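Taking it in order: structure first as structure tokens, then the write-up.
The values are calculated or read from the model by the stated rules, or taken from the named source; none is laboratory data. Note that the structure is a prediction, hence the values are computed from the model and not measured. For neighbour counting, all protein chains shown are included, and Cβ atoms are generated from backbone atoms with ideal geometry for every residue, glycine included.
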Amino acid sequence: MANELKLTWENLENAVRNCRGCELCRGRTNTVLGRGCCRAPLMFVGEGPGRQEDEQGLPFVGAAGQLLDLALASLSFGEEDYYIANVVKCRPPGNRNPQPAEAQSCLGFLRAQFALIRPSIIVCLGSVAHTNLVSAEESITRARGKWIEKKGVWFMSTFHPAALLRDESKKLPFWQDLKSAKQKLEEVKAGRRLQAVQGSAQQ
């Protein structure tokens, strides 16, 4: 997509809306691109839209999304701090996990989002995002909470908020991971402020 068209939000939105790249397009009500600040230093990436997301055309607006929003507000994340997206942009039937071919079909759109937003931090929510963006070799249970750097971007995986609704034992580690993400965010923002000051001094 990025090679065929000038990379703008308008072109990306149109490309996603008109996509027929896999079978998921047949059952969708709306495509679901993302929500949040389009210049945020932090991106959260989940797996795919659920029923309410499909109806509203926005990610993480159901029970899991409300839980995530509550946690972020409790940790004083600002609206300008993050953007939320999914690996796939159409709802999988019955809220099943996206199949590998479906995820691969959509990854170009996610990479275009990365290119437009240019986040310094990416937090993978759940095993689908972890497998496609970080590692297919290590389970989310073993990988969660660990930071790795790829091409100047920090990645961390944690549980999907929906998993917390099924298993309360995951709530504490999820909270700890979000606290770690907030700390990393503050480090990145401090570094950006320093670069801005140094840039001004050189002018």
Item to complete: Looking only at region 162-178, decide whether some residue is among the charged types (D, E, K, R) and closer than 23 Å to GLN99 by Cβ.
Response: yes
Worksheet, complete the sentence: Contact list, first residue from region 174-198 and part of a helix (DSSP H, G or I), second anywhere and crowded, with 16+ Cβ neighbours inside 10 Å and among the polar types (S, T, N, Q), beta-carbon distance below 7 Å, six or more apart or interchain, is PHE174/THR158; ASP177/THR158; VAL188/SER120
Worksheet entry | Of the criteria (1) in contact (Cβ under 8 Å) with a residue 40 or more places away in the chain; (2) surrounded by fewer than 19 Cβ atoms within 10 Å (Cβ to Cβ); (3) hydrophobic (A, V, I, L, M, F, W, C); (4) farther than 20 Å from LYS184 by Cβ, which one LEU70 fails | (1)
Item to complete: Go through (1) closer than 29 Å to GLY27 by Cα; (2) modelled with pLDDT of 95 or more; (3) out of contact with any helix residue (DSSP H, G or I) (no Cβ under 7 Å at 6 or more places or on another chain) and name the single condition LEU125 misses.
Response: (3)
Worksheet item: Do the conditions hold for SER157, that is, is it at pLDDT 95 or above, closer than 18 Å to LEU70 by Cα and of a type in the set (Ser, Thr, Tyr)?
Response: no
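So which residues in region 88-115 are aliphatic (A, V, I, L, M), out of contact with any strand residue (DSSP E or B) (no Cβ under 9 Å at 6 or more places or on another chain) and surrounded by 17 or more Cβ atoms within 10 Å (Cβ to Cβ), if there are any at all?
Matches in region 88-115: VAL88, ALA103, ALA112.
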Worksheet item: Within region 1-60, how many residues turn out to be farther than 11 Å from VAL88 by Cα, crowded, with 16+ Cβ neighbours inside 10 Å and acidic (Asp, Glu)?
Response: 2
Discussion item. Just to verify a result, which residue in region 168-203, among those that are out of contact with any Phe, Trp or Tyr (no Cβ under 7 Å at 6 or more places or on another chain), under 17 Å from TRP147 (Cβ atoms) and among the basic types (Lys, Arg), is surrounded by the most Cβ atoms within 10 Å (Cβ to Cβ)?
Written reply: LYS189
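So which residues in region 16-63 are of a type in the set (Lys, Arg) and without any contact (Cβ under 8 Å) to a residue 12 or more places away in the chain?
Looking only at region 16-63, we keep the residues that are of a type in the set (Lys, Arg), and these are 17, 20, 26, 28, 35, 39, 51.
Selection gives ARG20, ARG26.
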Worksheet item: What number of residues within region 91-122 satisfy the criterion of being among the polar types (S, T, N, Q), over 12 Å from the mean Cα position of the chain (by Cα) and under 16 Å from VAL32 (Cβ atoms)?
Response: 3
Discussion item. Quick check on region 150-164. Is at least one of its residues loosely packed, with under 13 Cβ neighbours inside 10 Å, of a type in the set (A, V, I, L, M) and closer than 21 Å to PRO119 by Cα?
Written reply: no
